[in-house]
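K.L.:
For reference, the structure I am asking about is given below.
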Amino acid sequence: MTGAISVLGSTGSIGTQTLQVADNLNIPVCALAANRSAELLEIQARKYAPELVAVYDRDAARDLAVRLRDTEIEVVQGEEGLLRAASLESAETVVTAVVGTVGLRPTLEAVRTKKRIALANKETLVCAGELVMSEAADRGAEIIPVDSEHSAIFQCLEDKGGAGVKKIILTASGGPFRGKTHAELQSVTPEMALKHPNWNMGAKVTIDSATMMNKGLEFIEAMHLFGLEPGRIQVLVHPQSIVHSAVMYRDNSVIAQMGVPDMRIPIQYALTYPERGPAPAPELSLAEIGKLTFEEPDLEAFKCLGLAMEVAGMGGNAGAVMNAANEEAVRLFLDGKISFNGIFELVSAAVEKIKCIDKASLEDILASDLAAREFVKSNY
Ligand code: MG
């Protein structure tokens, strides 16, 4: 039986699917948190009757407080509010499904209060992987990945404690522009990039998937999560998104995890682990799919992926710089201010220009994050 969950980012794609899983399994929801969306938060709050709802945006928080004034539910705001939702006494598991660096402090807070963390905010490990993983080890907090690839690797490693692992194989759909050259990508518009063939996601993640920066972020996430050096992580393009990732052992035996591309499977597994709950998604029919294909990623066309693999080896604050620069560059692309390939140009310039700090503290990381954003905003 799974205890109460706190869902950070409850109005987004992962958040709403987490609530569907909670519905099916009768898991109580003790806290909800989101950036704004007072209207949807009101609907969710009335349905799940949590103790607390945190809203990052102060105006939206005031709006929600008015909407919920006939209830007992406490509405809190800002980063303080997110931290409260992340450390609420009654929460057994904190689902970190907010997008971006804003997830870093709440995740650390959940680690410090020894929650199980169902980690869906990859930016946290990309920015501060060393810090978060060592804190989690010290406190004995469990971090269970929600990202489909990392959940797959986690499942393939299960029972074996990581012994005898040669490498992990991180699969990638290749996004909507697989097969295109760098030159052909120059004319991609936001509308074109927002159509993903297999997964239904928010705008930021969808653009990251189109540039393959998403795979780059996942590469760094995997490195920290599973304690592997970059040379032991291989990215493999697999357009059908059925093999969610795999582990190759010392004897060259490969264990892969498969399923239909539906986030409710990895979300549910993070909540019920080590148990498996009833099916939250349709059955996989390999006969119907017929063919699974694999190919090397094209690092010439998808330069963001190559950049992230380099950044993985740099350590320190490099991940934080790359991630923050990418967030800002994606925003500029969505606003029509830069080209699709301009995302890579800006992010790689930020990584080159901003000073490397080897042993980065939380303050160093937050400062590097800000510096990278400033750099992108003043150099496009
Ligand atoms: Mg993923």
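K.L.:
In Å and whole numbers, how far do the C-alpha atoms of segment 277-367 stretch along each principal axis, longest first?
P.N.:
52, 35, 27
K.L.:
Something else now. Could you check the simple spin-label distance between R276 and C356, using points 7 Å along Cα→Cβ, in nm with one decimal?
P.N.:
According to this spin-label approximation, the distance is 4.4 nm.
K.L.:
With contacts defined as alpha carbon pairs under 8 Å and 6 or more residues apart, what's the relative contact order of the chain in percent?
P.N.:
Computed value for the chain: 15 percent relative contact order.
K.L.:
With n ≥ 4 as the cut-off for DSSP H runs, can you work out [θ] at 222 nm for the chain, using -39500 (n - 2.57) per run divided by the number of residues, rounded to the nearest 500?
P.N.:
Taking each H run of at least 4 residues, the total per residue is -14500 deg cm²/dmol.
K.L.:
Also, quick follow-up: Per residue and in Å³, how big is the convex hull formed by the alpha-carbon atoms of the chain?
P.N.:
Cα convex hull per residue, to the nearest whole number: 136 Å³.
K.L.:
Now a separate question. Would you order H196, H182 from fewest to most other beta-carbon atoms within 10 Å of each residue's own beta-carbon?
P.N.:
Listing H196, H182 from fewest to most nearby Cβ atoms yields H182, H196.
K.L.:
Which residue, G100, G202, G15, tops the fluctuation ranking in a GNM of the chain built on C-alpha contacts under 10 Å?
P.N.:
Maximum fluctuation in the GNM of the chain, among the listed residues, is at G202.
K.L.:
Around D369, under 12 Å between beta carbons, what's the net of Lys plus Arg minus Asp minus Glu among the other residues?
P.N.:
The answer is -4.
K.L.:
Per residue and in Å³, how big is the convex hull formed by the alpha-carbon atoms of segment 201-261?
P.N.:
Each residue corresponds to 104 Å³ of Cα convex hull volume.
K.L.:
Ranking I343, I169 by Cβ neighbours within 10 Å, fewest first, what do you get?
P.N.:
Ranking I343, I169 by Cβ neighbours within 10 Å, fewest first, gives I169, I343.
K.L.:
Taking only the alpha-carbon positions of segment 172-304 and ignoring solvent, what does the Debye formula give for the base-10 log of I(q)/I(0) at q = 0.15, 0.16 Å⁻¹?
P.N.:
-0.86, -0.98
K.L.:
Determine the alpha carbon to alpha carbon distance for each of K180/K215; K204/K303; K115/K204; K195/K337 and list only those over 23 Å.
P.N.:
In this structure, K115/K204 lie more than 23 Å apart at Cα.
K.L.:
With no solvent and one equal point scatterer per Cα, compute the Debye intensity ratio I(q)/I(0) for segment 20-71 at 0.20 Å⁻¹ and report its log10, rounded to two decimals.
P.N.:
-0.64
K.L.:
A follow-up question, please. Please return the longest range in the chain lying between exposed loop sites, taking GluC sites (Glu not before Pro), DSSP loop only, at most 10 other beta-carbon atoms within 10 Å, and leaving the sites out.
P.N.:
90-274
K.L.:
Taking amide hydrogens as modeled 1.01 Å from N in the peptide plane, which residues meet the under 5 Å criterion relative to K166, leaving out close sequence neighbours?
P.N.:
So K166 has HN proximity to M248, Y249, R250.
K.L.:
As a footprinting exposure proxy, order L236, L88, L125, L271 by other Cβ within 10 Å, with the fewest listed first.
P.N.:
The order, fewest Cβ neighbours first, is L236, L88, L271, L125.
K.L.:
Charges only on Cβ, +1 for Lys and Arg, -1 for Asp and Glu: so what's the dipole of the chain about the Cα centre, in debye to the nearest 20?
P.N.:
180
K.L.:
When the Kirkwood hydrodynamic radius is evaluated over all pairs of different C-alpha atoms of segment 2-98, what value in angstrom, to one decimal, is obtained?
P.N.:
Result for segment 2-98, one decimal place: 12.6 Å.
K.L.:
Any idea what the dipole of segment 195-343 comes to, in debye rounded to 20, about its Cα centre with Lys/Arg Cβ at +1 and Asp/Glu Cβ at -1?
P.N.:
180
K.L.:
How large is Rg/Rh for segment 316-364, to two decimals, with Cα atoms and a Kirkwood Rh?
P.N.:
Rg/Rh for segment 316-364 comes to 1.06.
K.L.:
So if I restrict to the alpha-carbon atoms in segment 77-229, what is the Rg, and what is Dmax, the biggest pairwise distance, in Å?
P.N.:
16.9, 53
Only the coordinates and a few stated rules stand behind these numbers; no lab work does. The shown structure was predicted, so the numbers you read here are calculated from the model rather than taken from an experiment. All Cβ positions, even for glycine, are placed from backbone atoms using ideal geometry, and neighbour counts span all protein chains on display.
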